[in-house]
Amino acid sequence: MYKYLLVTLIIYSTICFKVSAQQFQLSGQITDQNHVPISFAAVYVKNSTYGTAANEEGNYLFKLKPGVYEVIFRFVGYKEKVEKLTITNHNEQLDVQLDQDMFVLTKGKIKKSDANDPAIDIMHQVINKRRYYLNEIKSSSDVEYIKGVKLILSSPKTLLAKEMAKLLKLDTNGRGISYQSESLSTFSFERPNKVKEVFIASKVAGLNPPFGYNKASDLQVNFYKNLFTIDDLSSHGFVSPAASYAFKYYTYKLLGTVIQDGKKIDKIQVIPKHIKALAFTGSIYILEDDWRIYSIDLMLTKKENNLNFVDTLKVSQQYIPISDSTWQPLSFQYKYTGSVQGFKYSGYYLGIINNYKIDTTFQKGYFTGEILHVDTEANKRSPAYWANSRPLPLTDAEARKYRTKDSVESLKEYASYLDSVHHAANKFKLFHYLVHGYLATGKTGRDSLYINPLLQTVYYNTVEGYGIYLKARYSKTFEDNSSYSMTPVLRYGFANKLFSANLHTDYTYDQAHAGKFFVDFGTDLLDLNNIGTRSLYFNTLSTLLSEQNFVKYYRSQFGDLGYQREIANGVLWSANLSYANRSQLYNISNNHIFTYSDRHYTSNNPLAPITAPADDQSFLFPQNQALTFNTSFRFTFDQQYITRPTGKVYLPSNYPVVTLNYRKGINSVLGSDVNYDFISLEIEQDRISMGLWGHSAFKIKAGDFLNRQTVYFMDYNHFLGNQGTTSDPTYVGSFHFLPFYTYSTDDPFIEAHYQHNFAGAIFDNIPFLKKLKLEEIVGANYLSEKRIPNYSEFYFGIKRLIYGADYGVSYIGNKKYIQGFRIFIGLK
């Protein structure tokens, strides 16, 4: 009898345990009073950190263990609804209808004028507590789900549009989902600025849009910060309605107050004080007494805010209590509309945050420079995994998009499909080869062959005359992500009848630490300025069209062996040993298309007088042999990086990068003639945020030859100068007016460069300029060395994408040197 009771008890306990451990679905649809679905409504379990959001059709889905729950349904502009329910041993269906909130102004809050609107006092309270809420949580971890969808609403009736519609798998009306993505990751944070995200799963279907946010780190939406930034959509930030200086940018109007669960919630309209590209319109909801953000419903527009790629962007955010005194976002959303070349589209990025753990104690060494780690299985998760893990159901259209993608993926397993795709991708196209070159890849995508474009194959200069320059690159990546590449070059000048051939090879054996060997050998014609002046292609244009042979060449027979590796996070060491036999060259060709009365070709000796004839053969250096050792240490402070299955990706640092260089000319070994020691120090930072006023960049470099017993011209320290009307203002470290070779030196020097990009902060206030989305640029360059102890340049201009124009003036001491316009068109 006792045995029977014991067995029965064990069986019953086992069943109860299984039932309690099992999860069941709570699902349904959220609608308004007119039965219209409420998209993206928040749904969460009271007194927990577990929540979700409805999809576009108002459908939601929960997975809950058996028990009694209070589930809260909430959306901006609707009354919060609490449903008490019991989950037993089966799935539950619960449809919910939300009533619109009726925000009313109580008698005590009726305004007498805009100047004393109650919203002003409310927002003062919020702003006073901004810093407290910004720093309230010292550390935390959570699980974040990000979903993105782009929908084509209509397409133009053109042949190109039809081809694009076919590529995007749109319907006969040119409508459909062109892109959708999902990601699931854990996100950890510790003040002041330590973060780490682990990418657990990722799924993508369709063509990537020009902007995208599929990581938790992309969507850390925090309106307690002064500035709200949206990468890609705008080059500058926007002032938060809760910023410390928000009253300079906003007028506030109290629209009403409601009581929900015993809490007073104020709806406040935010109105930009000026028509400019720095502020939102919309509403912010404030929890009275706590003076914290309850919800966000704000908007930016292309017309008023000068956005890229989209016409409107709506930002929504909903906070929930995760403890008695702490509130954090449950969900956030970017919803956008736009049009380009006749295509009209809309889309959204939705984030859902769960499993908050605040004041988390992390193990020592948990936070490193790795801010994102992508699991090797992240993009290989099965449909069953996603069905069990995603916190909201797919719509029918989204499910079809994935089925189409999965069917295509299954086709890729067949050799016939791979062959057809491979053949189409590698098809030779004459026009594309003319401008962009030819690229062929293997079936697995792990090997490729690239041939330089035809436009860069034929060239001209005054040393070689017309010439042929053939360059190709073959690369192969192995299963362990090690790789090698070979770049052969053949070059022949028809006037000097010199044939050159060289080969560059490199082998990356440790991608995670930038571990690489490289070997170069052969013959070539090199620029006497080893930093570089003009590309072979662009020098051809300036020589033939403008009769300006800027680049000065010498011949080198060389061999080079090098190595680099990251020896610690943020410390990159590189070294190479080279040997070269170097000879001076002279002009022997005088062809040109246009003749200028005030110009003539200059000597290939850059130090010859400007009046020297083009065929001048004055002495610059004797034929010599040089054995040279180079080494450098690059220090990137607080180096952050992303670890992907294919390797490590380094991110720009928020601090200056320091590089220490040493170069030794080794004498009497292998007949080497050189004998010198050169050392330099560089400090640079590419992007320093200046808030609403754009961003700055700078570079400082100083150096000296500690020993200069035997130094030839190509061994000097050279500067990145500029001659002619084109320049490269996008690189901070170049001069606008400094000659390429004149001030190359073997003496001590210091150079400094500074550039500031206002990112539209000025032009956005001028209506007819605002639409052009121009960025204002100002800059200054400085150089001091023995022959030019006080050289300076100042310039201002405009920039848009890779194009720019500016006007500048240079001085030697107090005397004006050169002034004029410079343009940049993507060529140098």
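The values are calculated or read from the model by the stated rules, or taken from the named source; none is laboratory data. Quantities reported herein were computed from a predicted structural model and do not represent experimental measurements. Backbone-built Cβ (ideal geometry, glycine too); neighbour counts: all protein chains shown. Keep in mind that these areas ignore ligands, DNA and RNA; they rest on the heavy atoms of the full protein, side chains included. Shrake-Rupley method; radii C 1.70, N 1.55, O 1.52, S 1.80 Å.
Here is a check on your reading of the model: is residue 722 closer than 24 Å to residue 825 by Cα and either in contact with a Ser or Thr (Cβ under 9 Å, 6 or more places away or on another chain) or open to solvent by 20 Å² or more (accessible area, probe 1.4 Å) (or both)? So that I can check it myself, show each step before the final result.
Values: closer than 24 Å to residue 825 by Cα: yes; either in contact with a Ser or Thr (Cβ under 9 Å, 6 or more places away or on another chain) or open to solvent by 20 Å² or more (accessible area, probe 1.4 Å) (or both): yes.
Against the criterion (closer than 24 Å to residue 825 by Cα and either in contact with a Ser or Thr (Cβ under 9 Å, 6 or more places away or on another chain) or open to solvent by 20 Å² or more (accessible area, probe 1.4 Å) (or both)), residue 722 qualifies.
Checking residue 566 against (1) under 27 Å from residue 521 (Cβ atoms); (2) open to solvent by 20 Å² or more (accessible area, probe 1.4 Å); (3) acidic (Asp, Glu), which test does it fail?
So residue 566 meets the others, but not (2).
Which one of these does residue 416 not meet: (1) over 29 Å from the mean Cα position of the chain (by Cα); (2) open to solvent by 80 Å² or more (accessible area, probe 1.4 Å); (3) modelled with pLDDT of 85 or more?
(3)
Considering only the stretch 584-594, state which residues are closer than 17 Å to residue 525 by Cβ, open to solvent by less than 70 Å² (accessible area, probe 1.4 Å) and not hydroxyl-bearing (Ser, Thr, Tyr).
584, 585, 587
Can you find even one residue in the stretch 599-613 that is within 30 Å of residue 550 (Cα to Cα), touching a residue at least 12 places away in the same chain (Cβ under 8 Å), within 41 Å of the chain's Cα centre (by Cα) and surrounded by 15 or more Cβ atoms within 10 Å (Cβ to Cβ)?
Scanning the stretch 599-613, I find at least one residue that is within 30 Å of residue 550 (Cα to Cα), touching a residue at least 12 places away in the same chain (Cβ under 8 Å), within 41 Å of the chain's Cα centre (by Cα) and surrounded by 15 or more Cβ atoms within 10 Å (Cβ to Cβ), so the answer is yes.
Which residues, counting only those in the stretch 483-498, are surrounded by fewer than 16 Cβ atoms within 10 Å (Cβ to Cβ) and touching a residue at least 24 places away in the same chain (Cβ under 8 Å)?
If the condition is that a residue be surrounded by fewer than 16 Cβ atoms within 10 Å (Cβ to Cβ) and touching a residue at least 24 places away in the same chain (Cβ under 8 Å), then 494 is the only one that fits.
For residue 643, indicate whether it is touching a residue at least 40 places away in the same chain (Cβ under 8 Å), crowded, with 17+ Cβ neighbours inside 10 Å and not in a strand (DSSP E or B). Don't jump to the end; show me each part of the working.
Numbers: touching a residue at least 40 places away in the same chain (Cβ under 8 Å): yes; crowded, with 17+ Cβ neighbours inside 10 Å: yes; not in a strand (DSSP E or B): no.
It is false that residue 643 is touching a residue at least 40 places away in the same chain (Cβ under 8 Å), crowded, with 17+ Cβ neighbours inside 10 Å and not in a strand (DSSP E or B).
Specify which of the listed residues (57, 136, 70) is open to solvent by 40 Å² or more (accessible area, probe 1.4 Å), in a loop (DSSP other than H, G, I, E, B) and touching a residue at least 24 places away in the same chain (Cβ under 8 Å). I'd like the intermediate steps shown before the answer.
On the way: 136 fails: open to solvent by 40 Å² or more (accessible area, probe 1.4 Å); 70 fails: in a loop (DSSP other than H, G, I, E, B).
The conditions single out 57.
Quick check: is even one residue across the stretch 573-583 open to solvent by 70 Å² or more (accessible area, probe 1.4 Å), farther than 27 Å from residue 466 by Cβ and aliphatic (A, V, I, L, M)?
yes
Would a scan of the stretch 520-531 turn up a residue that is in contact with a His (Cβ under 9 Å, 6 or more places away or on another chain), surrounded by fewer than 17 Cβ atoms within 10 Å (Cβ to Cβ) and part of a loop (DSSP other than H, G, I, E, B)?
Yes: the stretch 520-531 contains one or more residues that are in contact with a His (Cβ under 9 Å, 6 or more places away or on another chain), surrounded by fewer than 17 Cβ atoms within 10 Å (Cβ to Cβ) and part of a loop (DSSP other than H, G, I, E, B).
Filter the stretch 157-184 for residues that are out of contact with any strand residue (DSSP E or B) (no Cβ under 9 Å at 6 or more places or on another chain) and farther than 30 Å from residue 382 by Cα; which is modelled with the highest pLDDT?
Taking the candidates together, the pick is 157.
In the stretch 318-328, is there at least one residue being crowded, with 21+ Cβ neighbours inside 10 Å, among the aliphatic types (A, V, I, L, M), over 21 Å from residue 398 (Cα atoms) and in contact with a Ser or Thr (Cβ under 6 Å, 6 or more places away or on another chain)?
yes
If I go through the stretch 26-51 residue by residue, how many of them are part of a strand (DSSP E or B) and either modelled with pLDDT under 90 or within 21 Å of residue 100 (Cβ to Cβ) (or both)?
First pass over the stretch 26-51, keeping only residues part of a strand (DSSP E or B): 26-31, 37, 42-45, 51.
Then drop every residue that is not either modelled with pLDDT under 90 or within 21 Å of residue 100 (Cβ to Cβ) (or both), which leaves 28-31, 37, 42-44, 51.
Counting residues in the stretch 26-51 that are part of a strand (DSSP E or B) and either modelled with pLDDT under 90 or within 21 Å of residue 100 (Cβ to Cβ) (or both) gives 9.
Okay, residues lined up against (1) assigned to a strand (DSSP E or B); (2) more than 18 Å from residue 564 (Cα to Cα); (3) modelled with pLDDT of 95 or more:
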{"residue": "611", "(1), (2), (3)": "no, yes, no"}
{"residue": "616", "(1), (2), (3)": "no, yes, no"}
{"residue": "621", "(1), (2), (3)": "no, yes, yes"}
{"residue": "634", "(1), (2), (3)": "yes, no, yes"}
{"residue": "662", "(1), (2), (3)": "yes, no, yes"}
{"residue": "668", "(1), (2), (3)": "no, yes, no"}
{"residue": "673", "(1), (2), (3)": "no, yes, yes"}
{"residue": "688", "(1), (2), (3)": "yes, yes, no"}
{"residue": "699", "(1), (2), (3)": "yes, yes, yes"}
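Of everything in the stretch 229-253, what is touching a strand residue (DSSP E or B) at 6+ places or on another chain (Cβ under 7 Å) and open to solvent by 10 Å² or more (accessible area, probe 1.4 Å)? Give them in sequence order.
Selection gives 235, 249, 251, 253.
Is it the case that residue 459 is in contact with a helix residue (DSSP H, G or I) (Cβ under 6 Å, 6 or more places away or on another chain), closer than 27 Å to residue 558 by Cα and at pLDDT 85 or above? Spell out how you get there, then give the answer.
Values: in contact with a helix residue (DSSP H, G or I) (Cβ under 6 Å, 6 or more places away or on another chain): yes; closer than 27 Å to residue 558 by Cα: yes; at pLDDT 85 or above: yes.
Yes, satisfied.
Residue check, residue 394 against (1) modelled with pLDDT of 85 or more; (2) farther than 28 Å from residue 176 by Cα, all met but one. Which one?
(2)
Could you tell me whether residue 267 is under 22 Å from residue 332 (Cβ atoms) and either open to solvent by 10 Å² or more (accessible area, probe 1.4 Å) or at pLDDT 95 or above (or both)?
Numbers: under 22 Å from residue 332 (Cβ atoms): yes; either open to solvent by 10 Å² or more (accessible area, probe 1.4 Å) or at pLDDT 95 or above (or both): yes.
The answer is yes for residue 267.
So which of 287, 313 ends up being touching a Lys or Arg at 6+ places or on another chain (Cβ under 7 Å) and open to solvent by less than 40 Å² (accessible area, probe 1.4 Å)?
287 is the lone residue from the list that is touching a Lys or Arg at 6+ places or on another chain (Cβ under 7 Å) and open to solvent by less than 40 Å² (accessible area, probe 1.4 Å).
Working only within the stretch 532-553, note down all residues that are open to solvent by less than 20 Å² (accessible area, probe 1.4 Å) and hydroxyl-bearing (Ser, Thr, Tyr).
Scanning the stretch 532-553 gives 533, 540, 542, 543, 553.
Given the options 752, 702, name the one that is in contact (Cβ under 8 Å) with a residue 12 or more places away in the chain and either polar (S, T, N, Q) or surrounded by fewer than 16 Cβ atoms within 10 Å (Cβ to Cβ) (or both).
702
Could you list, ordered by first residue, the pairs with Cβ atoms under 7 Å in which the first is in the stretch 584-596 and under 12 Å from residue 548 (Cα atoms) and in a loop (DSSP other than H, G, I, E, B) and the second is aromatic (Phe, Trp, Tyr) and at pLDDT 85 or above, at least 6 apart or interchain?
Once the first residue is under 12 Å from residue 548 (Cα atoms) and in a loop (DSSP other than H, G, I, E, B) and sits in the stretch 584-596, its partners that are aromatic (Phe, Trp, Tyr) and at pLDDT 85 or above give 590/601; 591/460.
Quick one: how many residues across the stretch 725-749 are open to solvent by 30 Å² or more (accessible area, probe 1.4 Å) and aromatic (Phe, Trp, Tyr)? Break it down stepwise before answering.
Residues of the stretch 725-749 open to solvent by 30 Å² or more (accessible area, probe 1.4 Å): 725, 728, 730-731, 742-743, 746-748.
With aromatic (Phe, Trp, Tyr) added as a condition, the list becomes 731, 743.
Qualifying residue count for the region: 2.
Could you list, in sequence order, the residues of the stretch 361-393 that are assigned to a loop (DSSP other than H, G, I, E, B), more than 22 Å from residue 640 (Cβ to Cβ) and of a type in the set (A, V, I, L, M, F, W, C)?
Just the residues of the stretch 361-393 that are assigned to a loop (DSSP other than H, G, I, E, B), to begin with: 361-369, 375-377, 381-382, 390-393.
With more than 22 Å from residue 640 (Cβ to Cβ) added as a condition, the list becomes 361, 377, 381-382, 390-393.
Across the stretch 361-393, the qualifying residue is only 392.
Taking only the stretch 621-640 into account, find how many residues are under 15 Å from residue 369 (Cβ atoms), surrounded by 14 or more Cβ atoms within 10 Å (Cβ to Cβ) and aromatic (Phe, Trp, Tyr).
First pass over the stretch 621-640, keeping only residues under 15 Å from residue 369 (Cβ atoms): 634-640.
Now drop any that are not surrounded by 14 or more Cβ atoms within 10 Å (Cβ to Cβ), which leaves 634-636, 639-640.
Of the ones still in play, those that are also aromatic (Phe, Trp, Tyr) are 635.
Residues meeting the conditions: 1.
Can you tell me which residues in the stretch 787-828 are aliphatic (A, V, I, L, M) and open to solvent by less than 30 Å² (accessible area, probe 1.4 Å)? Please lay out each step first, then the result.
Let us first name the residues in the stretch 787-828 that are aliphatic (A, V, I, L, M), namely 788, 798, 801-802, 805, 809, 812, 818, 823, 825, 827.
Result: 788, 809.
Identify all residues within the stretch 188-201 that are open to solvent by 20 Å² or more (accessible area, probe 1.4 Å) and in a strand (DSSP E or B); write none if there are none. Talk me through it step by step, then tell me what you get.
Of all residues in the stretch 188-201, those open to solvent by 20 Å² or more (accessible area, probe 1.4 Å) come to 189-196, 198, 200.
Those that are open to solvent by 20 Å² or more (accessible area, probe 1.4 Å) and in a strand (DSSP E or B): 189, 190, 194, 195, 196, 198, 200.
Please work out which residue is modelled with the lowest pLDDT, limiting yourself to the stretch 704-747 and to residues that are assigned to a loop (DSSP other than H, G, I, E, B) and of a type in the set (A, V, I, L, M). Break it down stepwise before answering.
The first filter runs over the stretch 704-747 and keeps only residues assigned to a loop (DSSP other than H, G, I, E, B), leaving 711-712, 716, 718-725, 727-744, 746-747.
Subsequent filtering for residues that are of a type in the set (A, V, I, L, M) retains 711, 720, 732, 738.
Numbers: 711: 97, 720: 92, 732: 87, 738: 94.
In this case the residue turns out to be 732.
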